[in-house]
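So the structure is just underneath, and the comments pick up after that.
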Amino acid sequence: MGNGVYLFVAMAAGIVVYAVYIYNTLVRRKASVENGWSQIDVQLKRRYDLIPNLVETVKGYATHEREVFERIAALRSAALSATSPEQAAPLQNQLTGALKSLFAVSENYPELKANRNFLALQEELASTENKIAFARQYYNDAVKAFNIAIDVFPNNLISRRLGYEPRSMWTAEDASELQSVQVSWR
Amino acid sequence: MVSFEGLIEHNKRLSYLLFFLLLLLLGGLGASVGVWWGGEWYTGLIVASAVAVIYFLISWYAGASMILSMSGAREIRHEDAPQLWNVVEELSIAAGLPMPKVYMIEDGAMNAFATGRDPQHASVAITRGLMEKLNREELQAVMAHEMSHVRNYDIRFAMLMAVMVGSIVLICDVVMRSVFFGRRRSSRSSDGGKGQAVMAVVAVVLAILAPLLASIIQLAVSRQREYLADASAVELTRNPAGLVSALRKLTSDPNELEGTSRGTQHLYIVNPLRKNKKGRDSLFSTHPSLESRIERIEGLSVARA
């Protein structure tokens with residue numbers, strides 16, 4: 001009889017320890033998803049800040065490219081007013097494409113390419129694009145790990161009580177989208 | 001096809017095994033020297049551990065700054081080298097790590113290294129020669145390799161290995177000197193004489209072999225960690241071609257980096273000493289040969305996120 005009690009207590013203790021471990025894992029995974037998202041946010045804001053400077057610099061040299069400037073300005077304000085990640089993602093991807101075409105166009109203006117201010121802005125923007133891509137990569141990896149962690153048994157017993165929902169990944173722009181950007185550029 | 005997870009697990013297991021071997025070597029050396037000098041085996045063990053602990057404390061708190069000042073590195077900010085700074089910042093985002101300190105070495109030779117005790121206290125350094133000769137993609141690959149050393153805790157592991165090897169070499173040095181200058185104490189009693197004579201032989205043999213063994217182990221770990229850092233770098237950048245072309249450029253560099261020595265050569269992305277840079281894999285090389293590194297990078301599977 002005594003042995004049975006000990007066994008029961010040991011099992012209960014084991015289950016509690018395991019539950020705490022699962023809980024901590026879930027919280028950590030969630031924090032890493034949120035950390036990834038805020039990092040994307042920081043870099044997107046930085047891009048919004050850089051764009052007006054860049055456009056002003058390019059305008060001084062490439063006067064015939066009004067169409068690009070307008071497209072970038074429109075995408076920037078549309079993306080700025082987006083409220084959810086699902087809504088913002090395609091706009092952000094199009095903005096990336098539009099900025100690529102701006103740099104492609106600037107190849108045609110040798111004086112612009114010699115401008116130190118332009119070169120510095122180009123480096124900063126290229127770096128910000130990379131940071132967005134890397135932050136997205138980190139975010140997607142975190143989301144993948146989070147979604148698996150809340151779905152497997154027995155973690156799902158706990159995650160359901162915490163109200164954890166699977167998150168959606170930020171998918172990369174598809175080829176058709178990129179092409180449409182290039183077409184508008186010829 | 002080799003998965004990153006498999007590679008990292010394999011390397012971790014191997015590293016723990018080799019670290020354990022070094023621990024055994026240090027303990028055995030301490031114990032046999034203790035007996036030989038007429039003490040108890042555990043006295044020797046305690047003294048050997050004390051040496052290692054003091055060595056460890058110095059490296060833990062001052063090691064990174066000592067290595068950086070030895071190599072003549074100078075800390076930089078964003079405005080000193082915007083592209084370099086940006087590349088490191090990009091990779092710290094990709095790896096989900098805090099931004100490390102960035103150092104520049106004013107030298108025409110091409111090299112880079114990482115040091116520190118953990119990702120919160122990490123530094124990455126690059127020579128001006130390397131920074132200027134690489135394009136953006138290659139620079140990103142090289143810094144991704146260094147950030148991987150930080151992320152995989154190679155910087156801490158390299159430090160621990162250096163502490164162990166350093167302690168073993170120090171103890172062996174003391175033993176060899178005492179053999180030559182006859183500092184051996186007289187035995188406590190005559191009946192312990194025979195056992196002590198055996199231990200004396202063991203201690204001397206260990207003193208000769210231990211430093212050699214210790215550095216072979218250290219170098220084996222170093223080579224494995226280079227492969228792993230290459231693989232993790234590709235995992236971060238998803239661009240194996242950048243790393244391959246950077247490695248090609250690095251190895252064709254004819255210059256020798258000043259301010260490096262046999263003690264720090266294993267830290268760099270390629271061996272900084274000219275005579276050790278080329279050649280096949282051997283027990284005594286700090287880095288795998290370029291051919292085997294490129295071969296392994298090309299064997300990795302890369303998926304786009």
So what are the three principal axis dimensions of segment B:42-83 from its Cα atoms, in whole Å, longest to shortest?
56, 15, 12
Against the longest principal axis of chain A, how steep is helix A:85-106, in degrees 0 to 90 to the nearest 10, with axes from Cα atoms?
30
May I ask you to evaluate 6.51 cos²θ - 1.76 cosθ + 1.60, the Karplus curve with θ = phi - 60°, for each residue of segment A:137-146 and list the ³J(HN,Hα) values in order in whole Hz, giving x for glycine and proline?
4, 5, 4, 5, 4, 5, 5, 4, 5, 5
I'd like the mean, over residues of A:32-39, of how many other protein chain beta carbons sit within 10 Å of each residue's own Cβ.
1
So if I place +1 on the C-beta of Lys and Arg and -1 on the C-beta of Asp and Glu, and nothing else carries charge, what would the dipole magnitude of the protein assembly as shown be about its Cα centre? I want it in debye, nearest 20.
1400
What FRET efficiency would be calculated for the residue pair A:Ser81, B:Arg136, taking the C-beta separation as r and a Förster radius of 41 Å, to the nearest 0.05?
0.80
From other protein chains only, count the Cβ atoms within 10 Å of every residue's Cβ in B:92-100, then give the mean.
4
How large is Rg over Rh for segment A:72-165, taking Rg from the Cα atoms and Rh as the Kirkwood inverse mean of 1/r across Cα pairs?
1.20
Per principal axis, descending, Cα span of chain B in whole Å:
73, 40, 35
Among A:Asp41, B:Asp154, which comes first, then next, by fewest other beta-carbon atoms within 10 Å?
A:Asp41, B:Asp154
Sum up the charges of everything whose Cβ sits under 13 Å from the Cβ of B:Gly299, counting Lys and Arg as +1 and Asp and Glu as -1, but leave B:Gly299 out.
-2
Computed from every Cα-Cα pair in segment B:67-180, P(r) in 5 Å bins starting at 0 and rounded to whole percents is 2, 12, 20, 21, 16, 10, 6, 5, 4, 3, 2, 0
Rounded to the nearest 0.05, what FRET efficiency do A:Tyr18 and B:Arg177 have when you use their Cβ-Cβ distance and R0 = 56 Å?
0.50
Segment A:1-124 - Rg (one decimal) and Dmax (whole number), Cα, Å:
26.3, 92
What order do you get for B:Glu106, B:Glu226 when you list them from fewest to most C-beta neighbours inside 10 Å?
B:Glu106, B:Glu226
Grab the DSSP H runs of chain B that are 4 residues or longer, score each as -39,500 (n - 2.57), total them, divide by all residues and round the 222 nm result to the nearest 500 deg cm²/dmol.
-21000 deg cm²/dmol
How many nm is it between the label spots at A:Phe153 and A:Leu7, if each spot is 7 Å from the Cα in line with the beta carbon?
2.3
Please identify the DSSP H helices in chain B that span no less than 24 Å along the helix axis (Cα) and have a mean Kyte-Doolittle hydropathy of 1.0 or more.
B:4-36, B:41-58, B:154-181, B:193-237
Run the numbers for B:Ser69 and B:Leu23: contour at 0.36 nm per residue of separation, minus the present Cα-Cα distance, in nm.
13.6 nm
Dividing the alpha-carbon radius of gyration of segment B:1-103 by 2.2 N^0.38 Å (N being the number of residues), what value is obtained?
1.64
Over the Cα atoms of the protein assembly as shown, compute the convex hull volume and normalise it per residue, giving Å³.
197
Of A:Lys30/A:Lys144; A:Lys113/B:Lys101; A:Lys100/A:Lys131; B:Lys133/B:Lys249; A:Lys59/A:Lys100; A:Lys59/A:Lys113, pairs whose Cα-Cα distance is over 20 Å:
A:Lys113/B:Lys101
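Taken together, the values in this text are just the output of simple stated rules run on the coordinates, not laboratory data. Note that the structure is predicted; figures quoted are calculated from it, not measured. Cβ: placed from backbone, ideal geometry, glycine included. Neighbour counts: every protein chain shown.
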